[in-house]
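Trainee: Below you'll find the structure I mean.
Here, each number is a calculation from the coordinates, and none is a lab measurement. Predicted model only: the values in this text are computed from it and were never measured. When we count neighbours, we look across all protein chains shown, and the Cβ atoms used for this are built from the backbone with ideal geometry, even at glycine.
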Amino acid sequence: MSNQSHTSPIDSLVDLACRDGVDVRPTLLRVITDLYVQKPAHSDDETTQYTELALGLIDAVDEATRAVVAATLSHYPAAPEAVVNRLKSAAAAPRPSIALPPVTFGEDISPPRPIAEPAVEPADDLIEVFFAASRDERRLILLNLDVVAGDARALTVSPDVIGQLEAAALKRQQADFARLLATVLRIRRDLADRIAQDPSGEPIVIVAKALGIEAAVLQRILLCFNPAIGMSVERVFDLAVLYDEISVAAAVHMVSIWRELAPAIVARTLHEPVYQDDARTVRRPAAREARRSDARDTGAAQKVTR
């Protein structure tokens, strides 16, 4: 994570939650939990960071969100005990009683309907969670990916490939740009199209950081590639700041999620078996040609004799 940010994730979250009525806490808690369980083991620092962030969010989110997070952690053997206990205590807290209207004797009433409990869905597809998130939510997700990212270096890509990506972006050739992304990142083409066409721009920043694209090249791409981004100087500046804030490890980890959930479709090579009859069929024309050649030679010899 970049050293430029001196505020804790909780402080950043509270600041966002209090601005313009945006409450990203439920989304952030679910996403960082989904990301945490993707990694089979964590260092002490990673566990501490996730625990502190989760404990600061649990009491501030709704019951349905806590139920989803509890279900996700229930399948993870290394779930932090403090987080699990906090979720249990929150679930055991008494619910406010519901006042029932008085009923007159003899009144025809229907049997009461059972109160539906919040459905506990499986962990959301992290790709859909990210693309459905707002700009502020995406930023917080990327800044907190270090909880599970570990150490990672930029992906190895030749300068020629970077040049081809930039050339396609400068010419606004989205199809060529997406095709190159699908090949380089080894992801499905439909996901590469979503990355290229995203009107907010964070996916392009992730790609640039993961591939080691220089900041100046990224800025040229942002200015020219997508008019929805390039027409706003403020937006380009915000994305440039995001590029400096997020770590290479976080970007590479997001690319690994894309690869896992949307792997490239590799065409299978068609296998045509060769049977014995096929071999005979191949040899027959050669045999016939040999007989014809012998006949021509015999005919030529007879002519010479005459």
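Trainee: If I take every Cα pair under 8 Å that is 6 or more residues apart in the stretch 159-261, average their sequence separation and divide by the length, what percent do I get for the relative contact order?
Mentor: So the answer I get is 29 percent.
Trainee: Quick query: amide H of Ile187 versus all other amide H atoms, modeled in the peptide plane; which residues come in under 5 Å with a sequence gap of 5 or more or a different chain?
Mentor: Amide H neighbours of Ile187: Ala264.
Trainee: From the gyration tensor of the Cα coordinates in the stretch 159-261, what semi-axes in whole Å does the equivalent ellipsoid have, largest first, with each one equal to sqrt(5λ)?
Mentor: Each semi-axis is the square root of five times an eigenvalue, giving 18, 16, 13 Å.
Trainee: Could I have the simple spin-label model distance between Ala60 and Gln197, label points 7 Å from Cα toward Cβ, reported in nm to one decimal?
Mentor: 3.5
Trainee: If packing is taken as the mean number of other Cβ atoms within 10 Å per residue, what is the order of 195-202, 227-234, highest first?
Mentor: 195-202, 227-234
Trainee: Follow-up question, since we're still on this one. Mind ordering 154-161, 208-215, 258-265 by average Cβ neighbours within 10 Å, highest first?
Mentor: My ranking of the peptides, most packed first, is 208-215, 258-265, 154-161.
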